1. Can you run phi through the Karplus equation (6.51, -1.76, 1.60; θ = phi - 60°) for the stretch 98-109 and list ³J(HN,Hα) in whole Hz, with x for Gly and Pro?
2. Per residue, how much accessible area does the stretch 51-128 have with a 1.4 Å probe, in Å²?
3. If you wrap a convex hull around the C-alpha atoms of the stretch 101-145 and split its volume per residue, what is the figure in Å³?
4. Using a 7 Å offset from the Cα along the Cα-to-Cβ direction at both residue 19 and residue 216, what is the distance between the two label points in nm, to one decimal?
Amino acid sequence: MKSANASIIAGIVLMMLGVLLMLDRVGVLESGAIVAPLVFAAAGALFLSVFVRRREHWWAAIPGSVFLGLAAVITSAELTGSGASAGFLFLFMGAGFAAVYARVPANWWAIIPAGVMLTLAVIVALPPAFQGTLIAAVLFLGLAATFGVLALVPVRPADGTGTGTSGGGHLRWPLIPAGVLAVLGVIMAIRSSELLIPLDFAVPAVMIAAGTALVVYAFLARTGKHSKVRGPGQPPSGLTGPRGKPG
């Protein structure tokens with residue numbers, strides 16, 4: 001059944017490409033601007049169909065988003081001619097990594113590249129007048145928001161099946177880079193608005209932010225407000241031995 005479906009899809013794609021090439025040969029339309037986006041879009045749709053079938057196929061969201069992003073970039077560039085069209089690639093890739101986490105919460109690492117890609121998409125979409133320290137401010141604040149989200153969302157440890165269906169908690173370590181990056185982003189934002197902060201004060205401010213993040217991390221660890229996320233194969237707290245008997 002699966003081989004028959006694959007043959008049908010491949011046959012339809014080949015027929016569409018053949019029709020476009022035939023129209024190009026007779027001078028009805030220029031297929032060069034259409035074929036590439038269609039090929040990338042078809043490849044992306046194929047990977048997404050693999051992604052939605054089973055939870056174990058979460059990896060297919062990454063190449064699928066890349067191909068769809070390339071199709072969007074080419075189409076947008078042909079229609080508008082704007083250099084900001086490259087932002088569509090980062091936007092689709094960010095959505096792809098976000099889909100990986102949404103599909104399998106054990107893949108918490110996907111939140112980091114998702115935030116990075118979405119931040120780059122915002123930077124590419126900024127008007128040309130936004131340059132210098134303002135770009136750095138957007139970058140630092142976007143990365144800070146990424147680690148902040150990673151600290152807030154529930155994270156499920158892997159349960160050995162690849163689906164991450166067992167219980168979990170919150171990660172604490174992302175609060176440290178989130179705090180440092182947020183301070184750097186605020187400093188860059190203030191400098192870009194010409195309310196200049198001397199660099200002599202920037203370094204101590206970063207040190208204060210890092211110290212504050214460490215104190216918050218230690219406080220949360222001591223009070224136990226965030227449950228620890230364990231890796232695969234590690235027994236829950238208070239259990240030892242291969243069969244999970246009380247120690």
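The values are calculated or read from the model by the stated rules, or taken from the named source; none is laboratory data. The structure presented is a predicted model; accordingly, all values stated were derived computationally and were not measured. Heads up, the Cβs are rebuilt from the backbone with ideal geometry, glycines too, and the neighbour counts pull from every protein chain shown. The protein model used for the area step is the full one, side chains on, heavy atoms only, and it has no ligands, DNA or RNA in it. Shrake-Rupley method; radii C 1.70, N 1.55, O 1.52, S 1.80 Å.
1. Using θ = phi - 60°, the values come out as 4, 5, 4, 5, 4, 6, 9, x, 5, 7, 5, 4 Hz.
2. Value for the stretch 51-128: 47 Å² per residue.
3. Spread over its residues, the Cα hull of the stretch 101-145 gives 60 Å³ apiece.
4. 5.6 nm
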